[in-house]
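The structure appears right after this line, and notes come after that.
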Amino acid sequence: NQSLRSLRCHHLQQISSCFRLPTTPLSSRARAGGRPRTPGKNGAVGAMQRVKRGWVWNQFFVLEEYMGSDPQYVGKLHTDLDKGDSAVKYTLSGDGAGTIFTIDQTTGDIHALRSLDREEKPYYTLRAQAVDLDSNRPLEPESEFVIKVQDINDNEPKFLEGPYTASVPEMSPVGTYVTQVTATDADDPTYGNSARVVYSILHGQPYFSVEAKTGIIKTALPNMDREVKEQYQVLIQAKDMGGSWGASDVNDNPPRFSKSFFHLRVPESSAVGSAVGRIKAHDLDIGRNAEVEYTIVPGDGGAMFDITTNEHNQEGIIILKKVRGCLM
């Protein structure tokens, strides 16, 4: 009847949908005079013609990172041959069938058994079939359908490169191109605004500006004089329209020692390879831009000492490499 043929199952709270299987019995024959017959228009009996029909469905969706205590409802299989007398059994096969997705064989309800991550796998391809419960004979041709993992905003934008270093001629006019930064977002770009990235400047105004959509950094003040200020620190924020954000620092601050001279005493008993002193320079940048590498310039101490960087506190550790005329 018409009520069984209509698509009327929508579970909006779970972003779910319902599809039906068309009425195409694999074996449905009425015989008259030894020839296959089937009721025609107005109840008349005529020769049966097999009509090829496909499955009809709306694509299923399952919300990613679902944290509910019960399995997440996905959707419902249904065939017009199901009269509600439990004579039809629904089966499911394919990606995750039985492990990720389960089906109630009587009602056709599909549930997801665990939380899913769209960035790990964006969709699952499964096959559905309706069979006669007693004979296990297919009532509908097996057909393939997709369950798509619905994206949520669970990723923040990340800059592809960095730190960025750029230069611009002094006295450049306003709007002079400096460099371009680029951030990407792993969320679904086809759904909502979770992957739409916009840029803003957190530190570096009023000297520089950034275009919100492109990440292009330009000069914002005229007549910037290198003799007045040689270097600038610029901090750019990349934010998706869903609210997640990341920031990129431009490496524009050199490390500076707190004093011009360091006085160290090396005991005569010091062993080759031992640390004989520590110095430290400070960098106003952040993250990798603030990492410091030390070297000893050629001179009297170049052959006697070496220096390495402590990665934890960015101190320079001075190592004795020569003693009593022996070079290591």
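Since every read-out is calculated from the coordinates, none of them should be taken as a lab result. Just so we're clear, the structure is a prediction, and the values are computed from it rather than from any experiment. Heads up, the Cβs are rebuilt from the backbone with ideal geometry, glycines too, and the neighbour counts pull from every protein chain shown.
Could you list, in their original order, any pairs among Lys148/Lys213; Lys158/Lys213; Lys280/Lys322; Lys121/Lys148; Lys259/Lys280 whose Cα atoms are separated by more than 18 Å? Mind dumping the intermediate values first?
Details: Lys148/Lys213 29 Å; Lys158/Lys213 15 Å; Lys280/Lys322 23 Å; Lys121/Lys148 9 Å; Lys259/Lys280 10 Å.
In this structure, Lys148/Lys213; Lys280/Lys322 exceed 18 Å between Cα atoms.
From the gyration tensor of the Cα coordinates in region 88-204, what semi-axes in whole Å does the equivalent ellipsoid have, largest first, with each one equal to sqrt(5λ)? Present the calculation step by step, with values, prior to reporting the outcome.
Working: eigenvalues 573, 28, 21 Å².
In descending order the semi-axes read 54, 12, 10 Å.
Mind checking which of Tyr207, Asn153, Thr182 is farthest towards the positive end of region 128-224's charge dipole, using Cβ charges of +1 (Lys, Arg) and -1 (Asp, Glu) about the Cα centre?
Among Tyr207, Asn153, Thr182, the one farthest towards the positive end of the dipole of region 128-224 is Tyr207.
Find which of Thr219, Phe101, Val197 sits farthest along the positive direction of the dipole of region 99-242, computed with +1 on the beta-carbon of Lys and Arg, -1 on that of Asp and Glu, about the Cα centre.
My answer, from the dipole projection, is Thr219.
When the dipole is taken about the Cα centre of region 84-176, and only Lys, Arg (+1) and Asp, Glu (-1) are charged at their Cβ, what size is it in debye, to the nearest 20? Kindly include the intermediate steps, with their values, before the conclusion.
Working: 8 positive and 17 negative charges, 19 e Å.
Value, rounded to 20: 100 debye.
Show the residues, 5+ positions off or on another chain, whose built amide H is closer than 5 Å to the amide H of Phe305.
Correct list: Lys321.
If R0 is 51 Å, what FRET efficiency do you get for Asn313 and Met241 from their C-beta distance, rounded to 0.05?
On the way: r = 39 Å, r/R0 = 0.77.
The formula returns an efficiency of 0.85 here.
Set the Förster distance to 41 Å, then compute FRET efficiency between Lys280 and Met67 from the Cβ-Cβ distance, nearest 0.05.
Values: r = 46 Å, r/R0 = 1.12.
Result of the calculation: an efficiency of 0.35.
So how much slack lies between Gln231 and Asp95, counting 0.36 nm per residue of separation and subtracting their Cα-Cα distance, in nm? List each step's numbers first, then the result.
Values: separation 136, 0.36 × 136 = 48.96 nm, distance 5.58 nm.
Working it through step by step, the gained length comes to 43.4 nm.
At a 10 angstrom cut-off on C-beta neighbours, averaged per residue, how do the peptides 82-88, 307-313 rank from highest to lowest? Walk me through the numbers before you get to the answer.
On the way: 82-88: 13.6, 307-313: 11.9.
Averaged packing, sorted descending, gives the order 82-88, 307-313.
Among 89-96, 225-232, 258-265, 73-80, how do they line up by average Cβ neighbours within 10 Å per residue, starting with the highest?
On the way: 89-96: 17.6, 225-232: 10.5, 258-265: 7.9, 73-80: 22.1.
Ranked from most to least packed, the peptides come out as 73-80, 89-96, 225-232, 258-265.
Using a 7 Å offset from the Cα along the Cα-to-Cβ direction at both Lys259 and Val292, what is the distance between the two label points in nm, to one decimal?
1.4 nm
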